[in-house]
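The block underneath contains the structure these notes are about, expressed in C-alpha cells.
Quick note: the coordinates plus some simple rules give every number you see, no bench work behind them. Computed from a predicted model, the values in this text were never measured in an experiment. Cβ atoms come from the backbone with ideal geometry, glycine included; neighbour counts cover every protein chain shown.
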Amino acid sequence: MKSILKKLRRKQRRFVGSDLPRLLSKNVLLAKLYYLLFSRAFDRELRSVLAGRDAYITQLSSEAANATLLTRNIHRLEKGLLMRPRRDTFAAGFITETVTAFSKLVKRPQTCTPDQLRWFADVLREYFTATAQSQHPVIERQRQRFVTLVVEEELDEVRKVPYKRTQRVNISFEDFAKLSYQRRSVRWFLEQPVPRTLIDRAISVASQSPSACNRQPFRYVIIDDPAKIAKAVELPMGTRGYAHSIQSFIVCVGNLSAYFHERDRHLIYIDASLANMALMYSLEVLGLSSVPINWPDIEPRERMMQDFLGLKDYERPIMCMGVGYPDPEGMVAYSQKKDLDQLRVYA
Ligand SMILES: Cc1cc2nc3c(=O)[nH]c(=O)nc-3n(C[C@H](O)[C@H](O)[C@H](O)COP(=O)(O)O)c2cc1C
C-alpha cells in the first residue's frame, strides 16, 4: 500500500512539475491557470507590484511630496534641454504635473535633500528660460506658478543643469581591467570590523550609477552589529559554510512604489544591479572585498526578511552582499569567464 502511494505521489509530482508546465506553457491563459492552481511562485511579486502601484497613485493624489515622480519629470526636462536641435516648445504635456509635484515638495523639503531640491529648481528655471519664446498657454501658466514658489538661486554655486563634459578621467583601460580581474567573490574575511566611513564612500560612488529616469529605486540596509549579522546571514540560502566570516552584511532593497506601470517592474533589479557592481568595485579599491549573495524569491524567506528589516509590501530584497577585509589565507574561486566570442555577436 505504502509503495503504491509513494508511486502515485511521484507520478503526481512529475505531472505537476514537468508534464503540466509543458502543456500549460502553450498560452498565457493556461500559464495563468498553472500559477493559480499549482504554484505560488509569483504571489509575492504580484502583490508587491500592485502595492507599489497603489503607493504611487496614493502619493500622486495626496499632498505628500513625490520626489520620485519629480525626479523622473526633471530628468525628462533635462533630456528636452539637451536635445539637438532644442525645440522652443517641449514638455507641455507634463509640465503641469511637474510644477505641481515641485510645489508639494517645496512645502515639505524634508522629503528630499537640499541638493535634489536645487537640481529640481535649477532645471525648472532653465526650462522656463528655454521655452520663454514658446508662448504656449500651458507653459506660461506653469511659469507663473513656478515663480511664486521661489527657491532662491545660489548664484555662487554650479547650476545643476545640463552641461558639456570637458574633462576626461585619468584612469587607464589597463588599470580598470586590472580591477575587474582582481575582483573576485571573497568568502573569507579577517575578523575585523568594516568602518562605516568606507561603506559610505563606496555607496556614494555606487549612487552615481545609471538608473531608468534617474529614479534610483533602491536603498541599502547595512547590518554591522555582530549579533544582528549572525541572524541576517542566515536569511538568504547561499551563505552556507562561510556565513560566520562575513563582517558586514548589506541588503539591497528595491522600491516598487517608484512606478505606475507594471511594465517597469524589472527596473528595481536592473538599476540596483548596476549600482551594486559599482559598489563592489569601490569596495575593492578601498581595500575591502565582497561576495554578492542571491536573494531567493521564496515566501517564508521573504516574510522573514520583511520582518527583520521592517520592509513595506512594495519593497523587495534584490540581493545581499557580504563584506569584509579579505583574509589573505582564504582562497577565491578561479571563476573562468566566458570568451569574448561566446559573449558577443555583432548583428
Ligand atoms: C546575483 C548573484 C547572486 C549570487 N549569489 C551567491 C550566493 O548566494 N552565495 C555565494 O557564495 N555566491 C554567490 N554569488 C557569487 C557567484 O557565485 C560568483 O559571482 C560567480 O561564481 C563568479 O565568481 P566571481 O564573483 O569570483 O567572479 C552570487 C553572484 C551574483 C551576481
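Tell me the trypsin sites (Lys or Arg not before Pro) within segment 1-104 that lie in a loop according to DSSP and have at most 11 other beta-carbon atoms within 10 Å. Don't jump to the answer; show the numbers that get you there.
Details: sites: K2, K6, K7, R9, R10, K11, R13, R14, R22, K26, K32, R40, R44, R47, R53, R72, R76, K79, R86, R87, K104; in loops: K26, R40, R86, R87.
The qualifying sites are K26, R40, R87.
Taking the radius of gyration and the Kirkwood hydrodynamic radius from Cα positions alone, what is the Rg/Rh ratio for segment 110-215, to two decimal places?
Details: Rg = 21.3 Å, Rh = 18.7 Å.
Across segment 110-215, the Cα-based Rg/Rh ratio is 1.14.
When the Cα atoms of segment 1-43 are enclosed in a convex hull and the volume is divided per residue, what value in Å³ results? Intermediate values should be presented prior to the final figure.
Numbers: hull volume 2.9 nm³, N = 43.
With only Cα atoms used, segment 1-43 gives 67 Å³ per residue.
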Exercise. Which of L36, L50, L286 moves the most in a Gaussian network model of the chain with Cα springs under 10 Å?
Worked result: L36
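So which of K104/K312; K164/K338; K2/K26; K107/K160; K32/K228 end up more than 28 Å apart by C-alpha? Write down the numbers at each step before the final one.
On the way: K104/K312 23 Å; K164/K338 37 Å; K2/K26 36 Å; K107/K160 21 Å; K32/K228 39 Å.
Too far apart for the 28 Å limit: K164/K338; K2/K26; K32/K228.
Can you tell me the relative contact order of segment 49-148? Whole percent, Cα pairs under 8 Å, sequence separation 6 or more.
Values: 74 pairs, mean separation 34.4, N = 100.
Once divided by the residue count of segment 49-148, the mean separation gives 34 percent.
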Seminar exercise, completed: Largest fluctuation, L37, L309, L82 only, Gaussian network model of the chain with Cα springs under 10 angstrom, belongs to L37
Problem set entry | Filtered trypsin sites (Lys or Arg not before Pro), segment 238-294: DSSP coil and at most 16 other beta carbons within 10 Å | R240
Exercise. For the chain, what number results from the quotient of the Cα radius of gyration and 2.2 N^0.38 Å?
Worked result: 1.22
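Averaged over all directions, how much area does the convex hull of the C-alpha atoms of segment 45-107 cover when projected, in nm²?
Working: hull surface 21.4 nm².
Taking the Cα atoms of segment 45-107, their convex hull projects to 5.4 nm² on average.
Projected area of segment 1-74, taken from the Cα convex hull and averaged over every viewing direction, in nm²?
Details: hull surface 32.9 nm².
The orientation-averaged projected area of the Cα hull of segment 1-74 comes to 8.2 nm².
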Seminar exercise, completed: Karplus ³J(HN,Hα) for segment 298-308 (6.51 cos²θ - 1.76 cosθ + 1.60, θ = phi - 60°; Hz, whole; x = Gly/Pro) runs 10, 3, x, 6, 4, 5, 4, 5, 4, 5, 4
Exercise. For the chain, modelled as a GNM with alpha-carbon contacts under 10 angstrom, which of F176, F218, F260 fluctuates the most?
Worked result: F176
Exercise. Given 0.36 nm per residue, what is the gain on full extension from K11 to M331 after removing their alpha carbon distance, in nm?
Worked result: 110.8 nm
For this session: Starting from the amide H of D327, placed 1.01 Å from N in the peptide plane, find each other amide H under 5 Å away whose residue is 5 or more places distant or on another chain.
Result: W188, F189, L190
Problem set entry | Reduced Cα scattering model of segment 174-324, Debye log10 I(q)/I(0), q = 0.10, 0.16, 0.19 Å⁻¹ | -0.34, -0.88, -1.20
Problem set entry | Helix 173-182 vs. the chain, principal-axis angle (Cα, 0 to 90°, nearest 10) | 30 degrees
Exercise. Which value in deg cm²/dmol, rounded to the nearest 500, describes the helix-derived mean residue ellipticity at 222 nm for the chain, given -39,500 (n - 2.57) per DSSP H run of n ≥ 4 and division by the residue count?
Worked result: -15000 deg cm²/dmol
For this session: Counting only C-alpha contacts under 8 Å and six or more residues apart, can you give the relative contact order of the chain as a whole percent?
Result: 21 percent
For this session: Can you tell me the 0 to 90 degree angle between the C-alpha axis of helix 114-130 and the longest principal axis of the chain, rounded to 10?
Result: 50 degrees
Problem set entry | On Cα atoms only, tilt of 2-14 relative to the major axis of the chain in degrees | 30 degrees
Problem set entry | Measure of compaction for segment 49-148 (Cα Rg per 2.2 N^0.38 Å) | 1.09
Seminar exercise, completed: With 0.36 nm assigned to each residue of separation and the Cα-Cα distance removed, Q167 to T113 gains 16.7 nm
